[in-house]
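Please read through the structure below; I'll follow up with questions.
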Amino acid sequence: MAEIAKQILARARALGLDRALALLFVALAFLLVIQGCRFVAAAVSSRGLADRVRSGIVAPERTERKALNEYDPIMDKGLLGKRDKGGSGPGSASAVNVFGILGSKALLGASANDAKLYSVGADIPGGEKLVEIGNAEVVLEKDGKRRTVKVFPTSPSTPPAASPVPDARPNAGLPGPQEPVAAMPVAAAPVVIAPATLNAQTLSGTSWQGGGHTVNFNADGTMKVDGQVDGTWSVDGSKVKLSVAGENVELDIQGDTLIFQGQALSRQ
């Protein structure tokens, strides 16, 4: 490379500076002309191609349109398989949940906020009829078909008490030779306290359970059934008057116990 550069410089000196510059200018002009021709050719070619694409590609016309009901199998297919149209969980648009049973009436609704009391034979939202009320479920009928709906939510069962783990050590629990045996304490006589009669003051802040449901009496005269349905309460003599979902219910006070239709409620 160094030899070639030296030869070019030697020839440039032999030709003279003016002639060398003239040759360089001619070479640059020739290169510019070539590049211009290539640019023009590319522009003409791309424009012709674009015109052919615009004229040749046309969106096909839709000759037939499917009815909306033909898409139902697609809509019924959920992310995790076939969607359950008759779900019984809360929040389903067509679900009817049982939030409580008060005597001969059942507290029904899609959610706790819109639940109402219904008697046997009443028509409920969704086109179903209440045909039977049990202890923890109701029977609904529609178009001659019946289904059973259990109370929601169900009361949690009390976990079984843990069994004591026996001590595997030998002579465990027996006093050693130097361990004094503690004297057995003498049991004191039990003190019997007469139960206090319930009133508005002693009921405030208490919780009662019956029929698989829990009722909480708040100090401000409000109450909650199963922690979801709101209501109000007041004491009138030996009666506790409840107002739940637009219906009035009365409980009897017998000493320190609440009675509803002959059945005692248990205090939690």
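The values are calculated or read from the model by the stated rules, or taken from the named source; none is laboratory data. Since the model is a prediction, treat every value here as computed from it, not as a measurement. Cβ sites come from the backbone with ideal geometry, for glycine too, and all protein chains shown count toward neighbours.
For the condition out of contact with any Cys (no Cβ under 7 Å at 6 or more places or on another chain), outside the structural domain of residue 98 (by TED's automatic domain parsing) and either part of a loop (DSSP other than H, G, I, E, B) or farther than 19 Å from residue 112 by Cα (or both), what is the one hit in 242, 258?
258
Which of the residues spanning the range 215-242 are hydroxyl-bearing (Ser, Thr, Tyr) and either surrounded by 16 or more Cβ atoms within 10 Å (Cβ to Cβ) or within 14 Å of residue 202 (Cα to Cα) (or both)?
Scanning the range 215-242 gives 234, 238.
Check the range 131-152 and report whether any residue there is at pLDDT below 85 and either under 30 Å from residue 245 (Cβ atoms) or assigned to a loop (DSSP other than H, G, I, E, B) (or both).
Checking the range 131-152: at least one residue is at pLDDT below 85 and either under 30 Å from residue 245 (Cβ atoms) or assigned to a loop (DSSP other than H, G, I, E, B) (or both).
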